[in-house]
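Only one structure is covered here, and it is reproduced in the block below.
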Amino acid sequence: MVQGTSPLVGVTTYRQEAVWGPWRRPAALLPVSYVDCVAAVGGRPLLLPPSEGPGATDSSAVDVVAVLDALVLVGGGDIDPACYGAQPHPATSGVNRQRDDSELALLAAALDARLPVLAICRGLQLLNVLLGGTLLQHVPDVVGHRGHQPEAGRFAPIDVTIEAASLLSKAMGESATVQCSHHQAIDRLADGLVVTARSPDGLIEAVELPTAPFVVGVQWHPEQDGDLRVFDALLGAVV
């Protein structure tokens, strides 16, 4: 970080068709709540569209990470099950393999650079997949209810218990009510990750990578209700 400037925080986005004014065009999209939360804790948000085509290389991800002080991986569609050696479930949707490959390269570069990382919802799942874990492709099949996502596009409050002495507990305490909207979750935990929060039905709701200075993944959406605590912890980890 350049002395005297605010930390530059990369925030991933996604490509899809959007409508504004008279226009209907492919766009790089992101709910502005992510941007607002990063800015509210003193960061300078830098929006990162997925790389596509010849530019979607590991070296380009390294170049991007080199200018960042921290990284936020945001929510979105499901990760291609082929990334973790599985066949798609009928409920798996919103898959974009180009986005998967782009963000996996970006995350790998960030971990190699020991950059502080906050991985939100899909981001947590991406972290687990990158490190060799697998996903539950449809949570209601396992827990028997739709409490984590009543329907697509809706959030639900979920109580979580947070492990004492974790980075997350330092930011949020040992319990919290959080906003969730996910129908997938971690199945087999990747080697190296530790579970730092669970919901009452036993689902993994947060993980950390103890060998890194700050890598925290949360299955919920702190940006949805403007919960700045984990964003503030991310910025606090910037050297």
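The values are calculated or read from the model by the stated rules, or taken from the named source; none is laboratory data. Quick caveat: nothing in here was measured; it's all calculated off a predicted structure. Please note: Cβ atoms are built from the backbone with ideal geometry, for glycine as well, and neighbour counts cover all protein chains shown. In case anyone asks, the SASA skips ligands and DNA or RNA and just uses the protein heavy atoms, side chains included. Shrake-Rupley method; radii C 1.70, N 1.55, O 1.52, S 1.80 Å.
Peptide packing for 119-128, 166-175 was compared via the average number of neighbouring C-beta atoms within 10 Å per residue; ordered from the highest value, the list is 119-128, 166-175.
Mean projection of the Cα convex hull over all viewing directions, computed for the stretch 39-191: 10.2 nm².
For the stretch 1-109, the convex hull drawn through the C-alpha positions has a volume of 135 cubic angstrom per residue. Grouping the Cα pair distances of the stretch 134-239 into 5 Å bins from zero gives a pair-distance distribution of 2, 12, 23, 24, 19, 13, 4, 1, 0 percent in increasing distance order.
Packing, taken as the mean count of other beta carbons within 10 Å per residue, orders the peptides 108-116, 28-36 from highest to lowest as 108-116, 28-36. Entry note, the chain: the mean residue ellipticity at 222 nm calculated from DSSP H runs of n ≥ 4, each adding -39500 (n - 2.57), is -7500 deg cm²/dmol after division by the residues and rounding to the nearest 500. Restricting attention to the chain, close to 60% of DSSP beta bridges with both partner residues there are antiparallel.
In the full protein context, the stretch 147-239 carries 42 Å² of accessible surface per residue, based on a 1.4 Å probe and ignoring ligands, DNA and RNA. Sequence-ordered 3J(HN,Hα) estimates for the stretch 10-24 from the Karplus curve with 6.51, -1.76 and 1.60 and θ = phi - 60° stand at x, 10, 5, 10, 9, 9, 6, 5, 9, 10, 8, x, x, 9, 9 Hz, glycine and proline given as x.
The amide H of E163, built 1.01 Å from its N in the peptide plane, has A197 as neighbours under 5 Å, considering only residues 5 or more places off or on other chains. In this rough spin-label picture, where each label sits 7 Å from Cα along the Cβ direction, the E52-A156 distance is 3.3 nm. Taking 0.36 nm per residue of sequence separation and removing the Cα-Cα distance, the W23/T177 pair yields an extension gain of 51.5 nm. Remark: the stretch 101-114, residue by residue, has Karplus-estimated 3J(HN,Hα) of 5, 5, 6, 4, 5, 5, 5, 4, 5, 5, 5, 4, 7, 6 Hz, where x stands for each Gly or Pro and the curve is 6.51 cos²θ - 1.76 cosθ + 1.60 at θ = phi - 60°.
If R0 is taken as 25 Å, the Cβ-Cβ distance between R44 and R229 corresponds to a FRET efficiency of 0.80.
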